[in-house]
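What follows is one structure encoded as C-alpha cells, with my remarks underneath.
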Amino acid sequence: MSKCRSAAAVAAVFLSLALLAPRGVAQTRKPAAEASAGQRVYGIGREAKAEEIAGWDIDVRPDGQGLPDGRGSVKAGEAVYMAKCAACHGEFGEGSGRWPQIAGGRGSLASDDPSKTVGSYFPYLSSVFDYVRHSMPFGDAQSLGNHELYAVVAYLLFLNDVVDENFVLSKETFAKVRMPNEAGFHDDDRERTERAFWNRKPCMTDCKAAVKIINRARVLDVTPQEAGPKPR
Amino acid sequence: MADPADPPSSDRLSRRRLLQSAAALGGSAVVGADESVLAANPNNLPPNVPPWTRSLGDGVAARPYGQPSKFEKHVMRRDVQWLTASRESSVSFTPLHELDGIITPSGLAFERHHGGIAEIDPEDYRLMVHGLVGKPLMLTLADLKRFPRVNRIYFLECAANSGMEWRGAQLDGCQYTHGMIHCVEYTGVPVKILLAEAGLKTAAKWILAEGADAAAMGRSVPIAKALDDCVIAYRMNGEMLRPEQGYPARLVVPGWEGNMWVKWLRRIKVGDQPWQAREETAKYTDLLADGRARRFTFVMDAKSVITAPSPQAPVAHKGFLVVTGLAWSGRGKVRRVDVSFDGGRNWRAARIDGLVLDRACVRFYAGIEWHGEDLLLQSRAIDETGYVQPTKGDLRKIRGVNSVYHNNGIQTWHVLPSGEVENVEVS
C-alpha cells in the first residue's frame, strides 16, 4: 500500500519533469496561462505576509507603480547630495576618479567619448529612482528615508538640467518628468540588422589577400603584471 | 559604478609583463635546452629517488576540503584594478589559459559583483515570490530543496566580456579578454515549478529577479523565458554555490547575458511590463555609433577563443603543438569551430572533444607542426542556427566601438618565433 503510494508520487515527479523536457533552438513562446496549466502544487513553503513583502518590495516602474509616499525639493536634495553622494560623484555630478559621472554628457552619445549620465542616457526617471532606492549610497544602501530619496533624485534632475531649482519631486510630479533620452533606445534587432552573420558557407580558403597586424595590446601596456608565484 | 568595460583613463598601469620571463624560458626551450635546467631540483630526477618516494605523505582527511596542489598557486582569478573605482563593484576573470575541458572549477569561476559578496546564513535566507500570483510565497532554502530539481550544464558569460577590446587590442591575456565566462553544472528548481506553486495570473508578462546583496541588483526577465528554461540554482558542480556565485541561490538564465543570472536571489516579482531597472537601461544596453542604443539584448551571440597558446600561455617547444580553446552560443549548440593559423586567410575545422551541449561551452583542439614561424591564431564558432562568429571589423561596421557589451568578434593571437604570444588585430 505504502509502496504503491510512493510509486505514484515518483510518477508524479516524472510527469512534472517531462514538462521540462529539453527544447529545441527556437525559443518556445507559450502564453503564460497555458505554460503553467497542468502543473501541480506541492504545498511547500508558506504564504508571504503583506508586511513581509512591504519591507522588500521596493521596485519602481516607469509608470510610477511602486513609488513610496514622500516628497523632496531640489534644495533639500542638495544637502543630501553634498553629504552622501558628492565624495564619489563630484559636487556637480562630474565624477571623482573612476567613480561614475552622473551629470552632463548631453549630446555626447554619438561621439568618440560618450558620457552616459542620468541626463544624457537614463530613459526613465524610475530607472534612477529605483536604483538609488536599492543601491545608494554605495556601501550604505537603503539608508535614505523616503523624503531624502525624493529630494536627492530631484537634485540629480536639477544637476542634469531636467528640472529647475524650484522643483519638488513627489508621487504626483514624478509622472510629469520626461528624461531627455527616452527615445534613444530600441529593442534587440540583431536578427534583422545582423542577418549577414548567419552564413551557410563561411569562406575556408584564400578568404583575403595579405594579412597585416594593425594593432597590438602591448603598445598600450595596460595589462596587470601577474601577481603570485609564476608558472615554472 | 564605473563599468569594467570602460577604457582606462589616467591611472594606467605601466609595468612590463610576466611575459618577458616566460619568453626567456620559452626561448631557451624552443632551441632545445637540457631538461635538467628546467627542473626545480635535479636531485629529484632519475636515477635518483625523490623524497616523496621514500617517506610517507599526509594521511587521509589531513585536507578535509581538498585544494589544488601548492604548485598550482599561479592558477587564480585576477582583476584589472584600473577598470573600476572599487573592488566591491568590479570583476575578476577566469584563468581560461590554465584550464581544459568544459567545466570551470567552482573557485576559478569569474566574479562580477555590484555591491560585494553577500554572506548569507542559509537559516536566514528567504525567497519571496509575489506580484501577479494567486498566493505570494515565502520560501526557505530547505523549502527550495524540497521541490523537484534539475541538473544543467550551461555557460554564463558577462555581457561585457571582451568589452575592453572594442577599440582595439588592449589586454594581453585571454584571462582578461575572454575570462568573464564560466561553464558549470547547476542544480536547482525550475522557475516554472515555483511560479506554478504560487499560481501565475494570466496578465503575467515579466518577472523581476532581485538580489539580496548591497546593490539589491535586479533584472526583468520575460515570462516566456522564465517558464521555458530558467532555474533557481543552489548548487554548482554538485556542491552548494560559492558565496561569490550567489550562495545560497541564484537565477540561471540559459544562453542569456550573465547580469540577468541574479545572485543571492531574494525576490521574484511577477508583473505585466519590464521594470526598466538601471542595469537594463543605463547599463547592459548597447550604444551604437549613431548615439541610439539597443536594449534587451539578452542572447549571447556565438563566440570562441583560443585559450592556449595565448599571451599568458606561451609556446615552450617546437614540433607538434596542440592549439585549444572554448566555443559557445546562447542560441543552442555549437555545430563547428574553425581555426586559422594565418590570421583568417585559410580555415580548417577543429576537433571538438567532449560533450556538446545546448548553451554550454565546447572544447576544441587543432594540432600543428610548429617550426618557429610567426602564427596568427584565430578561432571561429558556428552554431546550430547557422550563426558564424563575425570578425571584429564586421562587428564594428554595425555596432560601432561604443557598445561596451556583446563583443563576440574573432580574437587574434600572434605567436612570435620566440614562443611569446601577443594580442593583436589584423587587417
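All of the numbers you see were taken from the coordinates with simple rules; none came from a lab. The shown structure was predicted, so the numbers you read here are calculated from the model rather than taken from an experiment. When we count neighbours, we look across all protein chains shown, and the Cβ atoms used for this are built from the backbone with ideal geometry, even at glycine.
With the contact rule set at Cα under 8 Å and sequence spacing of 6 or more, what percent relative contact order holds for chain B? The partial results should precede the final answer.
Details: 1002 pairs, mean separation 73.9, N = 427.
Taking the mean separation of contacting Cα pairs over the length of chain B, I get 17 percent.
Quick check on segment A:142-203: what are the equivalent-ellipsoid semi-axes from the Cα gyration tensor, as sqrt(5λ), descending, whole Å?
Output for segment A:142-203: semi-axes of 43, 14, 10 Å.
Can you list which of the GluC sites (Glu not before Pro) found in segment A:138-230 are DSSP loop residues with at most 15 other C-beta atoms within 10 Å?
On the way: sites: A:148, A:165, A:172, A:182, A:191, A:194, A:226; in loops: A:165, A:194, A:226.
Within segment A:138-230, the qualifying GluC sites (Glu not before Pro) (loop, at most 15 other Cβ atoms within 10 Å) are A:165.
Loop only by DSSP, 10 or fewer other Cβ within 10 Å of the Cβ. Give me the trypsin sites (Lys or Arg not before Pro) in segment A:116-205 that pass, ordered by residue number. Don't skip to the answer; put the middle values down first.
On the way: sites: A:116, A:133, A:171, A:176, A:178, A:190, A:192, A:195, A:200; in loops: A:116, A:176, A:178, A:200.
In loop regions of segment A:116-205 (DSSP not H, G, I, E or B), the sparsely surrounded trypsin sites (Lys or Arg not before Pro) are A:176, A:200.
Write down the radius of gyration of segment B:112-294 and its Dmax, each obtained from C-alpha positions, in Å.
16.7, 53
Give me the base-10 log of I(q)/I(0) for segment A:69-183 at each q in 0.17 Å⁻¹, Debye formula, one uniform scatterer per Cα, rounded to two decimals.
For segment A:69-183, the Cα-only Debye profile gives -0.77.
Using 1/(1 + (r/R0)^6) with R0 = 30 angstrom and r between the beta carbons of residue A:212 and residue B:185, what's the FRET efficiency to the nearest 0.05?
0.10
Write down the Kirkwood hydrodynamic radius of segment B:172-238, to one decimal in angstroms, obtained as one divided by the mean of 1/r over all alpha carbon pairs. Present the calculation step by step, with values, prior to reporting the outcome.
Numbers: mean 1/r = 0.0700 Å⁻¹.
Radius from the Kirkwood sum: 14.3 Å.
For the pair residue B:48 and residue A:195, what calculated FRET efficiency results from E = 1/(1 + (r/R0)^6), where r is the Cβ-Cβ distance and R0 = 56 Å, to the nearest 0.05?
Details: r = 65 Å, r/R0 = 1.17.
Here the calculated transfer efficiency is 0.30.
I'd like the per residue volume of the convex hull spanned by the Cα atoms of the protein assembly as shown, given in cubic angstrom.
On the way: hull volume 117.2 nm³, N = 659.
Once divided by residue count, the hull of the protein assembly as shown is 178 Å³.
Suppose R0 equals 56 Å; then what is the FRET efficiency for residue B:119 and residue B:317 from their Cβ-Cβ distance, rounded to the nearest 0.05?
Numbers: r = 45 Å, r/R0 = 0.81.
So, using R0 = 56 Å, E works out to roughly 0.80.
How far is it, in nm, from the label point at residue A:113 to the one at residue B:365 when both lie 7 Å from their Cα along the line to the Cβ?
Each label point is offset 7 Å from its Cα along the Cβ direction, giving 5.0 nm.
Taking DSSP loops as anything outside H, G, I, E and B, show the longest stretch in chain B free of GluC sites (Glu not before Pro) there with at most 15 other beta carbons within 10 Å. Before the final figure, lay out each step's value.
Numbers: sites that count: B:119, B:373.
The longest such stretch corresponds to B:120-372.
Among B:230, A:85, A:207, which comes first, second and so on when ranked by fewest other beta-carbon atoms within 10 Å?
Numbers: B:230 28, A:85 22, A:207 16.
Ascending number of Cβ neighbours within 10 Å: A:207, A:85, B:230.
Under a plain spin-label model, where a point goes 7 Å from the Cα along Cα-to-Cβ, how far apart in nm are residue B:61 and residue B:224?
5.5 nm
Give me A:203, B:174 sorted ascending by neighbouring Cβ count inside 10 Å, so fewest comes first.
Numbers: A:203 14, B:174 29.
With the sparsest Cβ surroundings first, the list reads A:203, B:174.
Order these by the 10 Å Cβ neighbour count, fewest first: B:164, A:204.
Working: B:164 24, A:204 12.
Least to most surrounded, the residues fall as A:204, B:164.
May I ask which of B:135/B:263; A:116/B:205; A:201/B:333; A:176/B:205; B:192/B:225 have a Cα-Cα span longer than 21 Å here? Don't skip to the end; give the middle numbers.
On the way: B:135/B:263 24 Å; A:116/B:205 29 Å; A:201/B:333 18 Å; A:176/B:205 26 Å; B:192/B:225 10 Å.
Beyond 21 Å between Cα atoms: B:135/B:263; A:116/B:205; A:176/B:205.
Quickly work out the residue A:65-to-residue B:397 label distance, labels modelled 7 Å from Cα along the C-beta direction, and quote it in nm with one decimal.
4.3 nm
With θ set to phi - 60° and the Karplus curve 6.51 cos²θ - 1.76 cosθ + 1.60, what are the ³J(HN,Hα) couplings of segment B:195-200 in order, to the nearest whole Hz, using x for Gly and Pro?
5, 5, 4, 7, x, 6
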